[in-house]
Amino acid sequence: MLTTKTLAKLNIKKAGAACSIQDLGRKGFQYLGLSQGGAADLHAYLWANYLIENNAGAAAFEITLGQFAIEFEADTEIAITGAEANATINGESVALWCGLKIKAGDLLEIKLPRTGLLNYLSISGGIQCEQHFGSRTIVAREKTGPNGGCTLKLGDNIHYLARTSKRKSTRSTPSHYIPDYGQSINLKAIPTPASDYFSASEVERFLASSYLISPQSNRMGYRLKGASLKSMSSGLPSEGINFGAVQVPADGNPIILLSDRQTLGGYPKIASISKLDCYQLAQRRPGQEIRFEEASIPQCQNGLREFLNFFGL
Amino acid sequence: MLSAKIPDTTIQLIAEDAIMLRFDLSPENAQSIENKKSLAQHIGLVRSLLLDHFAQSFVELIPSYSSLLIIVDFPRVEPEIILHDIKSLVSSKKEALIDLSNANTNRPETIEIPVYYGEEVALDLKALSDTLNLAPEKIIQLHKAQEYTVCALGFSPGFAYLGFVDERIACARKSTPRAKVAKGSVGIADQQSGIYPMQSPGGWNIIGRTNFPLFSPSAEPSKLCPLKVGDRVRFIEIDKHSFLDQGGSVDD
């Protein structure tokens, strides 16, 4: 119910390449064909909420390639994480990866990033809008979610809570937790068990090869160009696709499936990428290099468990 | 009837929080359409069983054709531990599940979907008639005579893959998909029939249209999609008048 809270508006002056509302995504609806959605880089998203003591799953803006500007109607607190970009409040430079105070009438701008792809902008109390399927994620590919399932545009008004923060101190992310998105990335890959679809030597080739991110990469999945992989089968009955699954279609170019992936797929899967590494992958741009290293499930679970525990999930 | 040969079930951890169950019919049983339909129903029952038993431990249970993907609520639940519990449960209930799949008691009702097959909405019927060398009326008759089983839900929210059409009307997807297929369009691709829940691009061969709601985004969770994997479906022919009365539209 929104009526018991006092809401303030923020006005979108520039929406950049793509801007959507994201949170932890939907849970329990994939069996109906609804995409999971949710923040593509969960690491930067969770930090954005943590820095201003929001609930971990509070809805935030996911901004692609900056070029974004909004005006706030009322005081609040925000944080900007993710891609390395210049940000200003009323023209004055502000830092990323820390809590920032906003006064009524302030204009926030985020410029085109130098490295990385996505910025997360959290607002105290989270973005206030209706939930669809238990989440505020916008899955533009499906046209589902708040705002008619559409990305945000110039002139859109988004609501947040008008309330003053009682906190005196602000948090900031220790620098060793801030990733360098310009670095090429090694993705931990869990090979598909007992595969009838790929020979052992083909899996080895996959793990040893270097790939480039193709321009056909987005929230649905990242397509890679490099050593073409041969499956021993041309297709299989469609089955559920987990986040991070690596499919190999007929053309042999692997695709790593991410937040907005379809729920079912009939292409053979050669591996699954560690979820933590997928969040970093989502910050890479077309043309950047990818390599793989074989990893075990317990190894990936240890990292993921520590990460989720830190954010209280 | 699922053959007395129980489908082999492999249950494996494939990622940090993902468990894949695969149900394989033996090669001699795998080709039968009846067995494939029974398998879908079996998977629907396994899904219900696991949901009842493990409820809060799972985030997703995604059934499809011959598999069930489970996403575990990690790290609250440890996948290795629950994997062991799932294996025990499935193996202890195997016989009971086969019996349930075969028995007429506990059978889900057959869901009837009214379809208008008129020329103005059956956009590919004429072309199919030429390709298959069957009169359009015969194609319609074969389509509605069949009882289908929902084998999978995916591609888009509420899109149900219905197995299997009479082999005389099986046909490949259109080589050039349409940029726009009207909401409610009923089509055939390979051996399956399907209905587009919303307007979308699509390559299925369209032979009719329904106003039956396959996906109601603003409904409460249990009423979002009326079709679930394992359900049985029949198409009932209705005339234009009834179709329009029910709220159907013949517009593009």
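No value in this document is a laboratory result; all are computed from the given coordinates. Every value quoted in this text rests on a predicted model; they were computed, and no experiment measured them. Every residue, glycine as well, gets a Cβ built from its backbone with ideal geometry; the counts of neighbours run over all protein chains shown.
Observations, loosely collected:
- 11 Å beta-carbon shell around A:Y197, net charge (K/R +1, D/E -1): 0
- Shielding of B:74-85 by partner chains, average beta-carbon count, 10 Å: 2
- Positive-end extreme of charge dipole, region B:127-252 - chosen from B:C171, B:P221, B:Q192 (charges on Cβ): B:P221
- Region A:54-117: trypsin sites (Lys or Arg not before Pro) in DSSP loop, at most 13 other beta carbons within 10 Å: A:K103, A:R114
- Shown in residue order for region B:167-179 are the 3J(HN,Hα) couplings computed by the Karplus curve 6.51 cos²θ - 1.76 cosθ + 1.60 at θ = phi - 60°: 4, 5, 10, 6, 7, 5, 4, 4, 5, 10, x, 6, 5 Hz (x for Gly and Pro).
- Per-residue 3J(HN,Hα) values for region A:247-258, derived from phi via the Karplus relation 6.51 cos²θ - 1.76 cosθ + 1.60 with θ = phi - 60°, read 9, 10, x, 4, 6, x, 8, x, 10, 9, 7, 10 Hz in sequence order (x marks Gly and Pro).
- For A:T144, B:T9, the sequence from fewest to most other C-beta atoms within 10 Å is B:T9, A:T144.
- Rg/Rh ratio calculated on Cα atoms of region B:121-252 (Kirkwood radius): 0.94
- Every Cα-Cα pair of the protein assembly as shown was included, and the share exceeding 47 Å stands at 16 percent.
- Think of each Lys and Arg Cβ as +1 and each Asp and Glu Cβ as -1; about the Cα centre, that makes the dipole of chain B roughly 260 debye.
- Approximating the spin labels as points 7 Å out from Cα along Cα→Cβ, the B:A96-to-B:E28 distance works out to 3.0 nm.
- B:V250-A:K153 FRET efficiency (beta carbon distance; Förster radius 41 Å; 0.05 resolution): 0.80
- Over chain A, DSSP H runs of length four or greater, each weighted -39,500 (n - 2.57), average out per residue to a 222 nm ellipticity of -3500 deg cm²/dmol.
- Extension gain (nm, one decimal) between A:E306 and A:R291, 0.36 nm per residue minus Cα-Cα: 3.0 nm
- Shielding by partners for peptide B:60-68, expressed as the average number of C-beta atoms from other protein chains within 10 Å of each residue's C-beta, is 6.
- Relative exposure of A:K153, B:K93, judged by other C-beta atoms within 10 Å (fewest first): A:K153, B:K93
- Take the Cβ atoms of B:E80 and A:E92, set R0 to 56 Å, and the FRET efficiency comes out at 0.60.
- In this structure, the residue pairs whose Cα-Cα separation is over 21 Å, taken from B:K37/B:K240; A:K13/A:K103; A:K143/B:K240; A:K143/A:K275; B:K144/B:K240; A:K27/A:K275, are B:K37/B:K240; A:K143/B:K240; A:K143/A:K275.
- Peptide B:153-165 shows a mean partner chain C-beta count of 5 within 10 Å per residue C-beta.
- GNM top mover of B:G194, B:G154, B:G208 - chain B, alpha-carbon springs below 10 Å: B:G154
- Pairs from the table (A:K188/B:K94; A:K269/B:K87; A:K188/A:K225) lying more than 25 angstrom apart at Cα are A:K188/B:K94.
- Sum of -39500 (n - 2.57) over DSSP H runs of 4+, divided by residues of chain B (222 nm, nearest 500): -9000 deg cm²/dmol
- For the pair B:T110 and B:Q141 in one chain, pulling the backbone fully straight at 0.36 nm per residue adds 9.3 nm over the alpha carbon distance.
- Neighbours of A:L51 by Cβ distance under 12 Å: Lys/Arg scored +1, Asp/Glu scored -1, total 0.
- Projected label points at A:R171 and B:A55, each 7 Å from Cα along the beta carbon direction, are separated by 3.2 nanometres.
- With a simple spin-label model that places each label point 7 Å from the Cα along the Cα-to-Cβ direction, the separation between A:S214 and A:Q183 comes to 2.8 nm.
- Note on chain A: GNM, Cα springs under 10 Å; of A:L154, A:L100, A:L276, the largest mean-square fluctuation is that of A:L154.
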